[in-house]
Amino acid sequence: MSVDATPVPPDAAGLKTLMDVLAASPRAEIAACAEALEPLPDAAPVRGPEVGLVMVRGRIGGDGAPFNLGEAAVTRATVRLADGTVGHAYALGQDRAKARLSAILAALWSQGTRRADVERAVCAPLAAARAAEVSQVRREAAATKVDFFTMVRGDD
């Protein structure tokens with residue numbers, strides 16, 4: 001029985017979700033989740049992993065004129081699996097291993113045959129961990145909230 005090696009056209013929303021989760025997660029967590037997919041296929045580097053800089057822009061008040069805030073290091077990697085499937089990844093910082101592992105997982109996801117495995121073993125647990133972190137930060141911020149109010153005294 002032969003398997004069709006033609007890559008499945010990527011589902012843009014699903015791939016974006018995977019890439020968002022991989023970019024926001026630490027390498028150790030990604031590697032731990034990827035162990036469920038072992039053995040990972042051999043991946044030939046197409047580009048990188050290589051480190052570069054991007055300009056970070058900001059706005060005052062969210063709607064002011066944009067200004068250059070500074071530069072940030074970004075690592076990118078592109079890999080090709082044996083069947084020709086290509087995966088791309090970008091990671092903030094200089095972690096080359098994270099960018100390469102993320103590119104391999106993106107390529108596996110793009111294969112189509114392992115998409116459900118990648119979503120179950122990698123995307124879902126990492127998304128849950130990121131959601132828990134956001135929830136914790138919100139709870140901590142809410143605990144410091146102070147409500148100010150004005151009372152009118154009746155001795156006018």
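The values are calculated or read from the model by the stated rules, or taken from the named source; none is laboratory data. For clarity, every value in this text was computed on a predicted model and none was experimentally measured. Positions of Cβ are backbone-derived with ideal geometry, glycine not excepted, and every protein chain shown enters the neighbour counts.
Numbers for the structure displayed
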| quantity | calculated |
| --- | --- |
| Filter pass, Val51 being touching a strand residue (DSSP E or B) at 6+ places or on another chain (Cβ under 7 Å), farther than 15 Å from Val79 by Cβ and of a type in the set (Val, Ile, Thr) | yes |
| Selection status of Asp63, modelled with pLDDT under 90, of a type in the set (D, E, K, R), over 20 Å from the mean Cα position of the chain (by Cα) and farther than 16 Å from Asp42 by Cα | yes |
| Residue check for Ala72: surrounded by fewer than 13 Cβ atoms within 10 Å (Cβ to Cβ), in a helix (DSSP H, G or I) and of a type in the set (A, V, I, L, M) | no |
| Boolean, Val122 is closer than 27 Å to Ala12 by Cβ and modelled with pLDDT under 90 | yes |
| Enumeration of residues in segment 11-41 that are part of a loop (DSSP other than H, G, I, E, B) and either modelled with pLDDT of 85 or more or not acidic (Asp, Glu) (or both) | Ser25, Pro26, Pro39, Leu40, Pro41 |
